[in-house]
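See structure below.
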Amino acid sequence: FEENILDSCLFLMDKAELELSGRGNPIKICRVASAVINSRDDNGVIAGSWDNMYTYGVAPSAWTGSVDILLEYYSSKQPVRYGQCWVFAGVFNTFLRCLGIPARLVTAYYSAHDNNANLQLDFFLDDDGKVDTKITKDSVWNYHCWNEAWMTRPDLPVGFGGWQVVDGTPQETSDGMYRCGPASVQAIKHGHVCYQFDAPFIYAEVNSDIVYSRMEKNGTQVIQNIDTRHVGQLIVTKEVGGDGMMEITEEYKFQEGSEEERLALETAVMYGVKKQTTQDTMYQPQTDVDMEFQVQKAVLGSDFKVTISFRNRSHNYYTATTYLSGNIVFYTGVTKNEFKKHSFSAKLEPSSSSAFDVVIKSSEYLSDLLDQASFHFFVTARINETGKILAKQKATVLEIPTLRIKTQGEMVAGKEMSVTVEFTNPLKQTLQNVMLYLEGPGVLRTMKKEFRQIPANSTLVWEVKCIPKRPGLRKLIASLNCDALRHVYGELNVQIQKP
């Protein structure tokens, strides 16, 4: 509802060359829009960048909203730099709602990017039980954001209307272009992935198994471990009328291990989402030992520990050669580098549990951090007596400091008020070339300010005067961005009174 947003959204439909007769059809609108939101192959709205280099553009984490992006594209007709999945999804949401299509944002944690939709992500281990990064191509995104749009599907059998997945993030091509959807959430849940559009890819995103295997010298692939529960653990959207999370995992999948889930899987496999079964005969897991690990919640710049626990349910004595690998990763699950290697031998007494702590020091990770301060831990343990391997992986994010937003004066439409943003640098180093952004739809247009330096442990204060236009509940959003620290946000709900 900001000025010129409707015009820019209508311009996108011209840009996508959607014929006028198709503009009353939400299926067609979503299909062409999911392609035009990203710049791959059609010079669309946002150029994606996932490599931590954002020269000549704005870092994806710095945007506070979609208005600036749409207006910049509308005026320059050139892709706006840069976005990642939540930026594509945020802009797509604005586009859909602006045109009257109900839409919401969805975040899936541990979302699989399965290159060949065979419903399994292949992680290859070397002889020591470590992941071989040279031949492992599949990845699990720490999270991935897409949209759901609400519509009827007269092109599908009865029962597949309602929420449809649409995704503007360029991951794989569909009918020759980078786009995805609309695909019925109901069809995905029941495994009916034959119905268009792109259901097999989305089904794999939330349902793939992780298969750990080892390549033998003669080229055969021996399965060491299968994790059926890691992918698609939690799927959420924003609750209606509040800022909390609402879990919608069961809209996408049945309870793990239930009859219905097996049936949905068999249906999906029947429709050509391949599941390989040939090697299952060779795969006999170690069933009498469980391994889990927990990562302690930690704040950026502090040490924390990883606790690996074993439960030996048998009457046998076992020893486990255990290897922990800590990697700094992009949120897409791609590793930048390994910063921690630690191996030890664990003695597992019969019918008992044992736990082992590994300390991660801040000096080990600080120099290599990426945008989101996210780590990926792999733990593999070989039971020496049987030669079997246990494997688990987890992503974790350090807590990043937030921005504090305060207001002064009475908050009345048409009267001046002031907004203050405060930030304390938690790192042991000086932050250079810091950009602050502040936006509040209906209260103030996006403002930005550069601070050359913020010394360690010092606090900056930025005060802005503004005149809110519209009464009602409004939100102020601020972000801070610099090379050493990204993804720093703050928000505040404000009630603007009528004059």
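Dipole orientation for the chain: of the candidates 59, 319, 245, 59 has the Cα lying most toward the positive pole (charges on Cβ; Lys, Arg +1; Asp, Glu -1). Return the aspartates and glutamates within reach of residue 361: Cα separation strictly under 13 angstrom, same-chain partners fewer than 8 residues apart disregarded; answer none if there are no such residues. In chain and number order, the partners are 303.
For the pair the stretch 17-69 and the stretch 139-212, the centres of their Cα atoms are 18 angstrom apart.
You can think of it this way: the chain between residue 6 and residue 234 has 78.7 nm of extra reach, that is 0.36 nm per residue less the Cα-Cα gap. In plain terms, the chain from residue 246 to residue 470 could stretch by 77.8 nm, reckoned as 0.36 nm per residue minus the Cα-Cα distance. The Stokes-Einstein estimate for the stretch 130-250, based on a Kirkwood radius over Cα pairs and taken at 4 °C with 1.567 mPa s viscosity, is a diffusion coefficient of 78 µm²/s. Summing Lys and Arg as +1 and Asp and Glu as -1 over all other residues whose Cβ lies under 12 Å from the Cβ of residue 137 gives a net charge of -3. Per residue, the Cα convex hull of the stretch 334-428 amounts to 209 Å³.
Using DSSP to call loops (not H, G, I, E or B), can you name the GluC sites (Glu not before Pro) in the stretch 1-80 whose Cβ has at most 11 other Cβ atoms within 10 angstrom? Sparse-neighbourhood loop GluC sites (Glu not before Pro): 3, 17, 19.
Computed over the stretch 404-496, the range of Cα coordinates on each principal axis works out to 42, 20, 18 Å, biggest value leading. Near residue 254: Cβ cut-off under 10 Å, other residues only, Lys/Arg at +1 and Asp/Glu at -1. The net charge is -2. Taken along the Cα-to-beta-carbon direction at a fixed 7 Å, the label points for residue 20 and residue 432 span 5.7 nm. Put a plus charge on the Cβ of each Lys and Arg, a minus charge on the Cβ of each Asp and Glu, and nothing anywhere else: the dipole of the chain about its Cα centre is then about 1100 debye. Between the residues 89, 146, 476, the greatest Cα displacement towards the positive end of the dipole of the chain, with unit charges on the Cβ of Lys, Arg, Asp and Glu, is found for 476. Over the stretch 5-271, accessible surface divided per residue gives 42 Å², non-protein components excluded, 1.4 Å probe.
Mind checking the stretch 139-223 for trypsin sites (Lys or Arg not before Pro) that DSSP puts in a loop (not H, G, I, E or B) and that have at most 10 other Cβ atoms within 10 Å? Loop-located and lightly packed - 217.
What is the local net charge at residue 354, summed over the other residues whose Cβ is closer than 11 Å to its Cβ (Lys, Arg +1; Asp, Glu -1)?
Net local charge, residue 354 excluded: +1.
Under 28 Å of direct C-alpha separation, and excluding same-chain neighbours fewer than eight residues apart, residue 475 reaches these lysines: 238, 406, 415, 448, 449, 465, 498.
The phi-based Karplus calculation (6.51 cos²θ - 1.76 cosθ + 1.60; θ = phi - 60°) puts the 3J(HN,Hα) values of the stretch 473-481 at 7, 10, 10, 9, 10, 10, 9, 10, 9 Hz, whole numbers, x for Gly and Pro.
Of the labelled figures (i) 101, 83, 45; (ii) 81, 62, 55; (iii) 77, 60, 36, only one reflects Cα extents along the principal axes in Å as derived from the coordinates, namely (iii). Spacing of the modelled spin labels on residue 406 and residue 56, each 7 Å from Cα toward Cβ, amounts to 4.3 nm.
Converting the Cα gyration tensor eigenvalues of the stretch 1-158 into ellipsoid dimensions via √(5λ) gives semi-axes, longest first, of 32, 21, 13 Å. For the stretch 390-416, the residues whose amide N sits under 17 Å from a probe point set 7 Å from the Cα of residue 424 along the beta carbon direction are 399-406. When Rg and Dmax are taken over the Cα atoms of the stretch 289-397, they come to 14.9, 47 Å. Kirkwood hydrodynamic radius computed over the stretch 5-271 comes to 19.5 Å, based on all pairs of distinct alpha carbons. Split the accessible area of the stretch 289-397 by element, probe 1.4 Å, and carbon with sulfur accounts for 50%.
The values are calculated or read from the model by the stated rules, or taken from the named source; none is laboratory data. Note that the coordinates shown come from a computational prediction; the quantities given were computed from them, not determined experimentally. We place every Cβ from the backbone using ideal geometry, glycine too, and count neighbours over all the protein chains shown. Remember, those area values only see protein heavy atoms, side chains included, never the ligands or the DNA or RNA. Shrake-Rupley method; radii C 1.70, N 1.55, O 1.52, S 1.80 Å.
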